[in-house]
Amino acid sequence: HMKLIILGAPGSGKGTSATVIREKYSLAHISTGDLFRYNIKEQTKLGIEAKSYIDRGALVPDDVTIRMVADRLGNDDCKSGYILDGFPRTTAQAKALDELLAKTGDKIDAVIHVITDDDIIMDRVTTRRVCEKCGASFNVKYMPSKVEGVCDVCGGKTVMRSDDNPETVGKRLETYKENTRPLIDFYNARGIIVEGNNNVDSATCIKSIEDGLARLNLN
């Protein structure tokens, strides 16, 4: 019953690794983004509370996020293990998660860190194109549509997302690093970080993650 956290910069390809690891070890995938969207859509008590902060442009406080995660971890699908994606984002959240798990005698077994060089992320993200109509994604360099600017799926127009420009991507990476560095140190002190390098391809990255989990006697 592995309890994992996955960390990776936006554009690092963390999502692909999360999917493969989740399927291979039959883990529940807990994405805080999905969790927020679900609670807000279903207008749960926590969702209404979270939305009140989001609507006024404020950050949702840790205690609301923690309660949402705690609620989700109580679901049956988490009994066979889970992978947390997008949480914790800060050392304070990591400590709160520790306390939450300690109540049931649990702890995080490993933290997967997907590492991708900034210039590679920049290259992958700024060459990304998305169909305005159906949302299918392409990449002008690595996975172009058959006709430039035209979606293979529905014939819609493919465009660059407004926040995929180099400047915004650069800022996203900086913010991510500033926030994540203390978190990496926090878990590194316990020796439970497993690294996967996604500079070449996701297969290489996933292989090193699996080897790392094996070293911690987890698979």
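The values are calculated or read from the model by the stated rules, or taken from the named source; none is laboratory data. None of the values given here were measured: they were computed from a predicted structure. Note: ideal-geometry Cβ built from the backbone for every residue, glycine included; neighbour counts use all protein chains shown. The area values use the complete protein model at the heavy-atom level, side chains included, leaving out ligands, DNA and RNA. Shrake-Rupley method; radii C 1.70, N 1.55, O 1.52, S 1.80 Å.
Give me the count of lysine pairs in segment 117-191 whose alpha carbons sit under 21 angstrom apart, restricted to pairs 8 or more positions apart or on different chains. Each step should come with its number before you reach the end.
Details: K133/K146; K133/K157; K141/K157; K146/K157.
Taking segment 117-191 as the scope, the lysine pair count is 4.
Any chance you could check the Cα centroid distance between segment 78-140 and segment 197-215 for me, in angstrom?
About 15 Å separates the Cα centre of segment 78-140 from the one of segment 197-215.
Can you list which of the GluC sites (Glu not before Pro) found in segment 111-186 are DSSP loop residues with at most 10 other C-beta atoms within 10 Å?
On the way: sites: E132, E148, E167, E174, E178; in loops: E132, E148.
Hits after loop and neighbour filter: E148.
In what sequence, largest accessible area first, do Y38, Y53, Y187 appear using a 1.4 Å probe?
Values: Y38 130, Y53 55, Y187 0 Å².
The ordering from most to least exposed comes out as Y38, Y53, Y187.
At Q43 and A203, where each label point lies 7 Å from the Cα along Cα→Cβ, what is the point-to-point distance in nanometres?
5.0 nm
Rounded to the nearest percent, how much of the accessible area of segment 80-155 (1.4 Å probe, protein heavy atoms only) is carbon and sulfur? Mind showing how you got there, number by number?
Numbers: 2150 of 4010 Å².
Carbon and sulfur: 54 percent of the exposed surface of segment 80-155.
How much length, in nm to one decimal, is gained on full extension between N188 and V150, taken as 0.36 nm per residue of separation minus their Cα-Cα distance? List each step's numbers first, then the result.
On the way: separation 38, 0.36 × 38 = 13.68 nm, distance 4.56 nm.
Full-extension gain reported as 9.1 nm.
I want to verify a result. In a Gaussian network model of the chain, Cα cutoff 10 Å, which of these has the top mean-square fluctuation: A110, A203, A189?
For the chain, modelled as a Gaussian network with Cα springs under 10 Å, the answer is A189.
Using square roots of five times the C-alpha gyration tensor eigenvalues, list the equivalent-ellipsoid semi-axes of segment 94-197 in whole Å, biggest first. Show your work: numbers first, answer last.
Values: eigenvalues 281, 53, 32 Å².
In descending order the semi-axes read 38, 16, 13 Å.
Can you tell me the 0 to 90 degree angle between the C-alpha axis of helix 32-41 and the longest principal axis of the chain, rounded to 10?
Compared with the principal axis, the helix lies near 90 degrees.
Check which residues have an amide H placed less than 5 Å from G81's amide H, if you skip close sequence neighbours.
A28
Please find, in a Gaussian network model of the chain (springs between Cα atoms separated by less than 10 Å), the residue of V147, V194, V130 whose mean-square fluctuation is greatest.
V147
Return the label of the correct value of volume of the Cα convex hull per residue in Å³, as calculated from the structure shown, out of (1) 117; (2) 209; (3) 144.
Of the listed options (1) 117; (2) 209; (3) 144, (3) comes from this structure.
Please grab the % of Cα pairs in segment 1-101 that end up more than 18 Å from each other. Mind dumping the intermediate values first?
On the way: 2460 of 5050 pairs.
Cα-Cα pairs in segment 1-101 separated by more than 18 Å: 49 percent.
Hand me the tally of lysine pairs in segment 1-101: alpha carbons under 25 angstrom apart, and the pair either on different chains or 8 or more positions apart.
13
What does DSSP give for the chain in terms of the percent of beta bridges that are antiparallel, rounded to the nearest 5?
30 percent
Could you state the accessible area per residue of the chain in Å², with a 1.4 Å probe and every protein chain left in place? If you can, show how the numbers build up before the last one.
Numbers: 11950 Å² over 219 residues.
Counting only protein heavy atoms, the per-residue value for the chain is 55 Å².
Would you work out the relative contact order for the chain, in percent, from Cα pairs under 8 angstrom that are 6 or more residues apart?
On the way: 303 pairs, mean separation 57.6, N = 219.
This gives 26 percent for the chain.
Using a 1.4 Å probe and ignoring any ligands, DNA or RNA, find the accessible area of F36 and quote it in Å² to the nearest 10.
40 Å²
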